[in-house]
1. Hey, what did segment 89-140 get for relative contact order, percent, Cα under 8 Å, at least 6 apart?
2. Greater than 18 Å separation of Cα atoms is the criterion. Which listed pairs, 31/141; 5/141; 31/133; 5/70; 84/127; 5/78, meet it?
3. Taking 8 Å as the Cα distance limit and 6 or more residues as the minimum spacing, I'd like the relative contact order of segment 20-144 as a percentage.
4. Given 10 Å bins starting at zero, what is the percent of C-alpha pairs of the chain in each, up to the one with the largest pair distance?
5. Which of the aspartates and glutamates could a cross-linker bridge to residue 130, judged by Cα under 19 Å and excluding same-chain residues fewer than eight apart?
6. Return the calculated 222 nm mean residue ellipticity for the chain, to the nearest 500 deg cm²/dmol, obtained by summing -39500 (n - 2.57) across DSSP H runs with n ≥ 4 and dividing by the residue count.
7. Which order do peptides 65-71, 80-86 fall in by mean Cβ count within 10 Å, highest first?
8. Under the 0.36 nm per residue contour assumption, what length would be gained going from the current alpha-carbon distance of residue 112 and residue 142 to full extension?
Amino acid sequence: MWFDKHNPNVIFQDIREDDYVLCDGRTFSVKPDIIADFRSMPYPDNSFYLVVFDPPHMDNSNDNSYMAQKYGTLRRFKWQDDLKQGFNQCMRVLKPNGILIFKWNETRIPLSRILEIIEIQPLFCHKSGKSSKTHWLCFMKEAQ
Ligand SMILES: C[S@@+](CC[C@H](N)C(=O)[O-])C[C@H]1O[C@@H](n2cnc3c(N)ncnc32)[C@H](O)[C@@H]1O
């Protein structure tokens with residue numbers, strides 16, 4: 001989703017670093033600046049003006065599938081706690097009044113379920129077109 005995957009103003013975080021050959025022969029790399037778990041981020045509180053949370057959205061992918069290689073997978077039956085922890089960590093590392101963009105694709109899990117889990121209402125949300133399943137949610141951390 002990034003225009004510049006090496007933007008020096010951005011810290012890219014992922015839990016894995018790897019190269020894959022996709023089914024059509026193209027290669028695909030995950031090369032984060034920091035390898036870390038979104039459930040326990042290695043940054044002090046109130047660090048960032050902007051956080052983008054784009055977790056996996058499939059809880060049923062086979063680990064070798066194209067979808068799993070490209071987007072990762074949620075842990076089966078545990079994804080609710082994982083996403084809640086991830087969301088809370090995003091809020092923790094944001095500066096007061098900072099912005100969180102949360103990208104969610106509801107192919108498997110409806111957005112309404114995610115909103116129940118995180119228990120915070122977004123300011124607004126965008127979905128491009130009626131048939132699109134991808135939502136971009138915008139949250140703002142309250143001033144302390
Ligand atoms: C939808 S992809 C993100 C793609 C990214 N926005 C981009 O433009 O390249 C979701 C990523 O979350 C990573 N992921 C899964 N579980 C994670 C965790 N617990 N902590 C950090 N990253 C995780 C996966 O490895 C996967 O690469």
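1. 44 percent
2. Over 18 Å Cα-Cα: 31/141; 5/141; 31/133; 84/127; 5/78.
3. 26 percent
4. P(r) for the chain, in whole percents per bin: 10, 39, 39, 11, 1, 0.
5. Filter leaves 106.
6. Value at 222 nm, helices only: -6000 deg cm²/dmol.
7. Ranked by mean Cβ neighbours within 10 Å, highest first: 80-86, 65-71.
8. Stretched out fully, the residue 112 to residue 142 stretch lengthens by 8.6 nm.
Coordinate-derived values only; no laboratory data. All figures in this text were calculated on a predicted structure; none of them were measured in a lab. A quick note on method: Cβ atoms are made from the backbone with ideal geometry, for glycine too, and the neighbour counts reach across all protein chains shown.
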